[in-house]
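Student: One structure, as structure tokens, below. Some questions next.
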Amino acid sequence: MLTQLHDFTVVSIPTTTNFRGINYREAALFRGEAGWSEFSPFLEYGAEESATWLKAAFEAAHQPWPELKRSAIPINATLPRVSPDRVSEILKFFPGCTTIKIKVDSFEADRELVVAALAYNPEAKIRIDVNGGWSREAALVNLSAFHNYFGEVFEYVEQPCDSLVDLADVKKRIPIKIAADEAIRKNLGSNFSALSEIADVAIVKWAPSGGITAARKLISEIGLPAVISSALDTGIGISHGLALAASLDQLDFACGLGTVALLESDICDPAVIVRNGAIDVARMVPTPALLAKYRAADDRQEWWKNRVAKIIDGGWLG
């Protein structure tokens, strides 16, 4: 199967902020019969979890996209936890976006981030993302404070708690919609027929779901409005997320696929970034000069090849 990874190249691209605790994004790029693909699970992920990403990468390289229902996808701006004086600097990379997703730790620590985002665009719809970081009690306290201070500006809060039981209780008590991310991604293969009891919106990413086909099946099974998001992909990975969003019969929300703006550079030229609040859907090809500029060191090339081999040799692909 390693022979199917033509032109396998690992890139290492600096981020413009400390995002998710990382300052460089590594990604393995390769091509197949259908075009270029990306394999980029975060470095700490083990073989079993990374195998799902590799399934997605192989499908994207070797299978054509499904029928596309739209040619451009509306995008939300993504605001990491930066100092409030950097908010306008970050948000200017998302021109035309009317929805802003903000990473938060707490109301007290990050209230001013929301204030600054609304100062930048007073009409913006705000999403806050907690990545499952709160207990039930902390979620109730923080979300009540956010709602009481800012009112009806919140489109939803993403994964306020890790526990499904806690999510269900918070959903009953807080007048802000709940979006499930890790609750879906960490429980693939589960029965999601009752997900509406803990969430109003499903966050789905093409690679952690196992590919476009698997993600479409997952969205159908969940039965909630879906927001297609990314995992800080290069433009190659983002293009497949855009294709997933474009293939859905219904798309009710802006998607989180503008995160190339948080990298020093894309690997594609033109970069897969927001223009007028949206990104066009197209298969992307890396630019040779950018591949050369951001090519990771030889030891990192070998590390990623070994990572792929470990997944294959361990039988994790099924």
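Student: Tell me which of these residue 65 doesn't satisfy, since it passes every other one: (1) in a loop (DSSP other than H, G, I, E, B); (2) more than 23 Å from residue 266 (Cα to Cα).
Tutor: It fails just one condition, (2).
Student: From the list 196, 239, pick out the single residue that is hydroxyl-bearing (Ser, Thr, Tyr) and farther than 29 Å from residue 23 by Cβ.
Tutor: Result of the check over 196, 239: 196.
Student: Where the second residue is part of a loop (DSSP other than H, G, I, E, B) and of a type in the set (S, T, N, Q) and the first is not assigned by TED's automatic domain parsing to the domain that holds residue 56 and lies in the range 214-240, which pairs have Cβ atoms under 6 Å and are six or more apart or on separate chains?
Tutor: Once the first residue is not assigned by TED's automatic domain parsing to the domain that holds residue 56 and sits in the range 214-240, its partners that are part of a loop (DSSP other than H, G, I, E, B) and of a type in the set (S, T, N, Q) give 215/209; 218/209; 238/230.
Student: While we're looking at this one, here's another question. Please go through the range 76-100 and pick out each residue that is aliphatic (A, V, I, L, M) and either outside any loop (DSSP other than H, G, I, E, B) or modelled with pLDDT of 95 or more (or both).
Tutor: Across the range 76-100, the qualifying residues are 77, 79, 87, 90, 91, 100.
Student: On the basis of being hydroxyl-bearing (Ser, Thr, Tyr), more than 16 Å from residue 284 (Cβ to Cβ) and free of Cβ contacts under 8 Å to residues at least 12 places away in the same chain, does residue 45 make the cut?
Tutor: Judged against the criteria, residue 45 is a match.
Student: Among the numbered criteria (1) under 20 Å from the mean Cα position of the chain (by Cα); (2) surrounded by 15 or more Cβ atoms within 10 Å (Cβ to Cβ), which one does residue 96 miss?
Tutor: Single failed check for residue 96: (2).
The rows are residues; the columns are (1) farther than 28 Å from residue 147 by Cα; (2) hydroxyl-bearing (Ser, Thr, Tyr).
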site	(1), (2)
46	yes, no
57	yes, no
64	yes, no
100	no, no
106	no, yes
120	no, yes
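Yes/no matrix, rows are residues, columns are (1) surrounded by 15 or more Cβ atoms within 10 Å (Cβ to Cβ); (2) modelled with pLDDT of 95 or more:
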{"site": "19", "(1), (2)": "yes, no"}
{"site": "23", "(1), (2)": "no, no"}
{"site": "29", "(1), (2)": "yes, yes"}
{"site": "37", "(1), (2)": "yes, yes"}
{"site": "40", "(1), (2)": "yes, yes"}
{"site": "49", "(1), (2)": "yes, no"}
{"site": "60", "(1), (2)": "yes, yes"}
{"site": "74", "(1), (2)": "yes, yes"}
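Student: Could we say that residue 110 is at pLDDT 95 or above, more than 19 Å from residue 222 (Cβ to Cβ) and in a helix (DSSP H, G or I) here?
Tutor: yes
Student: Moving on. Report yes if some residue within the range 285-297 is modelled with pLDDT under 95 and either at positive phi or of a type in the set (Phe, Trp, Tyr) (or both); otherwise report no.
Tutor: So far as the range 285-297 goes, no, none of its residues is modelled with pLDDT under 95 and either at positive phi or of a type in the set (Phe, Trp, Tyr) (or both).
Student: For residues in the range 161-187 being closer than 18 Å to residue 106 by Cβ and touching an Asp or Glu at 6+ places or on another chain (Cβ under 8 Å), which is surrounded by the most Cβ atoms within 10 Å (Cβ to Cβ)?
Tutor: 178
The values are calculated or read from the model by the stated rules, or taken from the named source; none is laboratory data. Here the structure is a predicted model, which is why all the values come from computation and not from measurement. Virtual Cβ from ideal backbone geometry, glycine too; neighbours counted across all protein chains shown.
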